[in-house]
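Encoded as C-alpha cells, the structure appears first; notes follow it.
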Amino acid sequence: MGHEFVVIMRLAVCCLVLASAAVADEPRFVWPNGARAAVSLAYDDALDSQLDHAIPALNRHGLKGSFYLTLSSTTLAQRMPEWRVAAGQGHELGNHSLFHQCSRRPAGRDWVLPENDLDQTSVAQLVAQIRVGNTMLHAIDGRSERSYTMPCGDLDAGGKPYLGKLRQDFIAIKSGHGAVVADMRTLDPYAVPVWVPVAVSGAQLIDAAQRAAASGTMVNFTFHGIGGDHLSVSSAAHEQLLAHLAEHRDIYWTDTFLNIMKHVKREQMR
Ligand SMILES: [Zn+2]
C-alpha cells in the first residue's frame with residue numbers, strides 16, 4: 001500500500017512537471033516595453049473634424065492614430081496637404097475604399113447612393129478599386145505597407161465575400177465588432193474586431209481601454225466625427241481618453257494599427 005502510494009505520488013509529480021513544461025514552452029504574448037495592452041485609435045471616412053480636432057489632440061498628447069480615408073472624399077481632394085502632414089507626423093493613412101460602397105438593403109442605408117451599392121459591385125471591381133486606393137495612398141505618403149477597414153462592416157461585394165482576395169495587399173484588416181480582443185495568439189490579423197463609439201462619454205471610452213489592460217490584449221476604437229460630422233464623439237470625451245492613455249504609457253501602448261499588427265504577427269510567429 002505504502003509503495004503504491006509513493007508510485008502514484010511520483011507519477012503525479014512527473015505529470016505536473018510535464019504539464020508545467022508544456023506551458024513554459026508556449027512563449028507568452030508580450031507588448032513592447034512591458035505594456036499591458038495595445039490601443040488602436042482609428043478614424044474612418046476622411047472627415048474635416050478629424051483634421052480640425054482629432055489630429056491636433058493626438059499631437060498635443062504625442063499619440064499616433066490611424067486614419068482610414070475614403071479616397072473619393074471631398075475632404076481628401078480639398079485638404080490633401082494636411083493629410084500628408086499628418087502622415088509625416090507619424091499617423092497612419094489607411095485604406096477605406098475609393099467610394100465607400102455599402103449594401104443599400106439594410107434599414108437605415110438610404111444614404112448609400114445607387115451608384116455606390118455594394119450589391120451591384122463585383123468582387124473583381126471592388127478589389128481592383130481598393131488596389132488603386134493603395135496606389136493613391138502611396139502617392140500621398142510614400143509608404144507601401146497598409147491596413148484596411150471595410151466600409152459598413154459589409155463582407156460581401158455583389159453577394160460574394162471579398163476580403164479573402166486582399167490578404168496579399170494588407171498587413172491587417174478590420175472586420176467584425178467588439179472593442180477588446182479576447183486572445184492575441186488566436187486573433188486573425190485579417191478579421192480584427194472594432195468598436196464604433198457614438199455619443200459616448202470619456203468614462204465609457206476609458207472603461208474599454210481598462211478592460212483591454214485587464215485582459216492583456218488590445219482595444220480597437222473606430223471613431224468617425226470628433227466634435228462634429230457624423231457618428232460623432234464629443235471633443236471632450238475624446239480628450240479624456242487621450243489624456244488617460246498619455247498619463248499611463250506604462251500600461252498602454254498606443255500606436256498605429258499598422259505598427260500594432262506588425263508586432264502581433266511577429267509575436268504570433270514566435
Ligand atoms: Zn466608413
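The values are calculated or read from the model by the stated rules, or taken from the named source; none is laboratory data. Only a predicted model underlies this, so the values are computations on that prediction, with no experimental measurement involved. Heads up, the Cβs are rebuilt from the backbone with ideal geometry, glycines too, and the neighbour counts pull from every protein chain shown.
Within the stretch 100-117, residues that are closer than 19 Å to THR74 by Cα and part of a loop (DSSP other than H, G, I, E, B) reach partners that are aliphatic (A, V, I, L, M) and modelled with pLDDT of 95 or more with beta carbons closer than 7 Å, at six or more positions or on different chains, in the pairs GLN101/LEU118; GLN101/LEU126.
Condition first: under 25 Å from GLY228 (Cβ atoms), over 14 Å from the mean Cα position of the chain (by Cα) and among the polar types (S, T, N, Q). Can you find one or more residues in the stretch 193-212 that meet it? Yes: the stretch 193-212 contains one or more residues that are under 25 Å from GLY228 (Cβ atoms), over 14 Å from the mean Cα position of the chain (by Cα) and among the polar types (S, T, N, Q). Sub-8 Å Cβ pairs linking a first residue in the stretch 201-216 that is free of Cβ contacts under 8 Å to residues at least 60 places away in the same chain to a second residue that is part of a helix (DSSP H, G or I) and among the acidic types (Asp, Glu), at least 6 apart or interchain, are GLY202/GLU239, ordered by first then second residue. With respect to the conditions (1) in contact with a Pro (Cβ under 8 Å, 6 or more places away or on another chain); (2) of a type in the set (Gly, Ala, Ser); (3) more than 20 Å from ASP45 (Cβ to Cβ), SER97 falls short on a single one, namely (3). Scanning the stretch 75-88 for residues that are exposed (fewer than 13 other Cβ atoms within 10 Å of the Cβ) and either assigned to a loop (DSSP other than H, G, I, E, B) or not hydrophobic (A, V, I, L, M, F, W, C) (or both) yields GLN78, PRO81, GLY88. When the stretch 216-248 is filtered for residues that are under 23 Å from ASP45 (Cα atoms) and assigned to a helix (DSSP H, G or I), the ones remaining, listed by number, are SER235, ALA236, ALA237, HIS238, GLU239, GLN240, LEU241, LEU242. Being modelled with pLDDT of 95 or more and in a strand (DSSP E or B) is a condition met by no residue of the stretch 120-132.
Could you go through the stretch 231-248 and let me know if any residue there is surrounded by 18 or more Cβ atoms within 10 Å (Cβ to Cβ), over 21 Å from THR149 (Cβ atoms) and touching a Lys or Arg at 6+ places or on another chain (Cβ under 6 Å). Among the residues of the stretch 231-248, not one is surrounded by 18 or more Cβ atoms within 10 Å (Cβ to Cβ), over 21 Å from THR149 (Cβ atoms) and touching a Lys or Arg at 6+ places or on another chain (Cβ under 6 Å), which makes the answer no.
Here HIS263 meets each of (1) closer than 17 Å to TYR43 by Cβ; (2) in contact with an Asp or Glu (Cβ under 9 Å, 6 or more places away or on another chain); (3) part of a helix (DSSP H, G or I) with one exception, condition (1).
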